[in-house]
Amino acid sequence: MKYIDEFRQHDLAGKLAADIAREAEHARQYRLMEFCGGHTHAIFRYGVQDLLPENVRFIHGPGCPVCVLPTQRLDQAIDLAERPEVILCTYADMLRVPASGRRSLLKVKAAGADVRHGVFHTGRPENRPGQPAAGSGFFAIGFETTTPPTAVALLQASQEDLQNFSVFCNHVLTPVAMRAILEAPEPVAIDGFLGPSHVSTIIGSRPYEQFVEQYRKPVVIAGFEPLDVMQSALMLIRLLNDNRQEVENEYTRAVTREGNAKAQALVAEVFQLRSVFAWRGLGDVAESALQIRPAFARFDAERRFSLPHREAADVKGCECPAVLRGAKQPVDCKLFGTVCTPENPMGSCMVSSEGACAAYWSYGRLRQPVSGRRRKSAVIA
Amino acid sequence: MSGAAKKTSTAGGFLQGKVDMTHGSGGRAMAQLIDNLFIERFDNEFLRQGNDQACLAVPAGRLVMSTDGHVIDPLFFPGGDIGSLAVHGTINDVVMSGATPLYLSAGFILEQGLALADLEKIVSSMADAARQCGTPIVTGDTKVVEKGSGDGVFITTTGIGVLPEDIHISGDRARPGDAILLSGSIGDHGIAIMSSRENLEFETSIVSDSAALHTLVAEMVAAVPAPAIHCLRDPTRGGLATTLNELARQSDVSMSLWESEIPVKASVRAACELLGLDPLYVANEGKLVCICHPDHAQTLLQVMQNHALGIDAAIIGQVNDDAHGFVQMQTAFGGSRIVDWLAGEQLPRIC
């Protein structure tokens, strides 16, 4: 398959592995945070960690949109979905995330709420002019990659003056989240970052330049194929060895320094910075998310519907917040693999295909023959 | 079967309408539907007797029986439809014991409003499939449910086959050292279905692999001594990964796979990439997994590759003996990973 197979070649992987083994200094630890769950997934699915020396470790970051959404916002989405006049559309993984009171969008759907998965577009029949009721709400989540499509939907809704369409906006921003990880009260030791390439197809590599200057941690914008991940790790190792705090772009086939100006303009037209957003794992982070501009207020579900802000408690013992900061590994959580599995997830990181716990469980765990024993010692990676 | 001339004369007008509640009421409309459609298309000596049951001679050996409910959206897809699928699916379940399939039954749940022309296409396709397999549909039932209570048509088929006394193929018989064979490329059916769903349209030439595997199984069983084949299973829902996990659990063994040996068509891989799916978990309807004694793996591979439905057959892994009971895979990239049970459903990714 063209443009895919080239980035999964076994012999090139072996060559890169040899380069990394040669260039990584034995006395030194390389703690590389792959920000994005897409990278975590690739690392596990292709067994990338098996090809790296012991002192080069990946620390899994919070770049999983489903994972970082706090329970309280999910509860609001569920409240919205339970209104009889609302059809709620969202991305598929979101449906299974546990909310307060052991609810989830999937459960309220089974109980009769009209919840659908799939990408929203205004062309859906239920959103056409003249359709009754409040019509559909789009539960919009995601980093910069998924924001432009939501902007387009809002612009179309405005142009067509749709009466029955609104967006519950939960779009969040990558560079600010990276700062929050380093500024956490007990920051995790990280030597460099693999930056999410899909995000950078939109925002470019430039937003990281200031970050690198301020925090003195190199960033390599990394593609999602396994060879991209290995090549990016090698580039980070070289930057660290040379003590160069710079932004480098491994994903040159799609990312430029400036990014996609048209998409940026669309986003700027429709969205503005939210003063504060509560992330799962990172807590309240100032100017880390987007909200819909007042000019589009009639499509803003938060303004249109009263969505009461209730306190939400996560499942006791769930370590998703620490896992999302890179402070703990999934296996450090007491719930991992005991009560929390992909079939019965207690936290968001076990739900999403991009979640670190799901990746560990699905690809990397090794069960101890004696049941009831902690699995910590028995997990690969 | 009474009077071909009468049927032809009514069929034209009859097939232009839609299924309504009278087609399940036991009255004239139902009789007409049964006579002009089901009996005419399925035509065989058992149905022609017009009884509520089929009376079958009991052959020597052991009887094998399996039943399968077929619900699929859309009803028609590239490479097949719910009718042919309902025949192939049940025959495959019967023959994964090593049996020769003999008879089928069919139960139809029709939704009010289903176009009779569509029903006719489905029944014809089912009749053709059953005829090609040499397994007549000998008894059946039809019910009609109100609009909204069904999804066009649901078909439940039951199959009966016969198995010689000396063949014992079962999911709990995999042994460490056994070879794992796969009869061809994976994911064709699932991707063909997804490509034709209304909200997930993309252009592809992929057609479903829906096929009855009875002749392939017969040739495999004939080619090696009776104890050589330990397990046979068709990796349908949940795909190859789920089937192998089922077999590992049933036999209390672990398995290792070689990703580079698992055949996946380039078009299926491309569609999976696009949708964020793993072909290991995508459904098949015309493939089988065979676990056999390693001494007979090459013979069986040859037999499979010489059969039209096994041209791309490959030895994809081996059965191991370790306490974990995991299916592990050496990735084509050079690492290793677990191939787990599917959690929830396979869903397209976010970004």
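Evaluated with a Cβ-only charge set (Lys, Arg +1; Asp, Glu -1), the protein assembly as shown carries a dipole of roughly 1440 debye about its Cα centre, given to the nearest 20.
Restricting attention to chain B, close to 75% of DSSP beta bridges with both partner residues there are antiparallel. Taken residue by residue and averaged, Cβ atoms of other chains lying within 10 Å of the Cβ of A:2-13 number 3.
Fraction of C-alpha pairs exceeding 49 angstrom in the protein assembly as shown: 24 percent, rounded to a whole number. Starting at 0 and stepping by 20 Å, how many percent of the alpha carbon pairs of chain A end up in each bin? Taking every Cα pair in chain A, the percentages come to 28, 56, 15, 0.
Counting only protein heavy atoms and a 1.4 Å probe, region B:179-338 has 36 square angstrom of accessible area per residue. Could you work out the relative contact order of chain B? I mean the mean sequence separation of Cα pairs under 8 Å and 6+ apart, divided by the number of residues, in percent. Reported as a whole number, the value is 20 percent. Note on exposure: A:His309, A:His117, B:His70 ranked by accessible area (1.4 Å probe, complete protein assembly) read A:His309, A:His117, B:His70, with the most exposed listed first. Of the whole protein surface, B:Trp258 contributes about 90 Å² of accessible area at a 1.4 Å probe radius. Within the assembled protein chains, the solvent-accessible surface assigned to A:Phe336 is about 10 Å², based on a 1.4 Å probe. Over all projection directions, the Cα-based convex hull of region B:136-184 averages an area of 7.6 nm². Highest mean first, the peptides B:179-188, A:20-29 sorted by other C-beta atoms within 10 Å per residue fall in the order B:179-188, A:20-29. Placing one equal scatterer on every Cα of chain B and applying the Debye formula, the log10 ratio I(q)/I(0) at q = 0.07, 0.10, 0.14, 0.15 Å⁻¹ is -0.33, -0.65, -1.14, -1.25. Taking the average, over residues, of other Cβ atoms within 10 Å as the packing measure, peptides A:4-15, B:318-329 rank B:318-329, A:4-15 from highest down. Taking every DSSP beta bridge that has both ends in chain A, the antiparallel portion is near 25%.
Within 10 Å of the Cβ of each residue in A:38-49, the mean number of Cβ atoms contributed by other protein chains is 4.
Per-residue shielding of A:178-184, expressed as the average number of other chain Cβ atoms within 10 Å of the residue Cβ, stands at 0. Only helical DSSP H runs with n ≥ 4 go in: add -39500 (n - 2.57) per run for the protein assembly as shown, normalise by residue count and round the 222 nm mean residue ellipticity to 500 deg cm²/dmol. Value at 222 nm, helices only, nearest 500: -9000 deg cm²/dmol. In chain A, a dipole from Cβ-located charges (positive for Lys and Arg, negative for Asp and Glu) runs towards its positive end, and of A:Ser166, A:Cys349, A:Pro53 it is A:Cys349 whose Cα lies farthest in that direction. Distance from the alpha carbon centroid of region A:14-36 to that of region A:69-104 works out to 41 angstrom. Counting only alpha carbon atoms, the long axis of helix A:10-23 and the longest principal axis of chain A meet at about 60°. Each peptide in B:157-170, A:160-173 gets a packing score, the mean of other Cβ atoms within 10 Å over its residues, and the list from highest to lowest is A:160-173, B:157-170. Ranking B:Val64, B:Val123 from most to least accessible surface, computed with a 1.4 Å probe over the protein chains only, gives B:Val64, B:Val123.
Listed by chain and number, the lysines whose C-alpha is less than 21 Å from the C-alpha of A:Lys328, apart from same-chain residues fewer than 8 away, are A:Lys217, A:Lys316, A:Lys376.
Taking every DSSP bridge with both residues inside region B:1-150, close to 25 percent are antiparallel. Rounded to the nearest 10 square angstrom, B:Leu274 shows an accessible area of 130 square angstrom against a 1.4 Å probe.
The values are calculated or read from the model by the stated rules, or taken from the named source; none is laboratory data. The shown structure was predicted, so the numbers you read here are calculated from the model rather than taken from an experiment. When we count neighbours, we look across all protein chains shown, and the Cβ atoms used for this are built from the backbone with ideal geometry, even at glycine. What goes into the accessible areas is simple: the full protein's heavy atoms, side chains included, and nothing from ligands, DNA or RNA. Shrake-Rupley method; radii C 1.70, N 1.55, O 1.52, S 1.80 Å.
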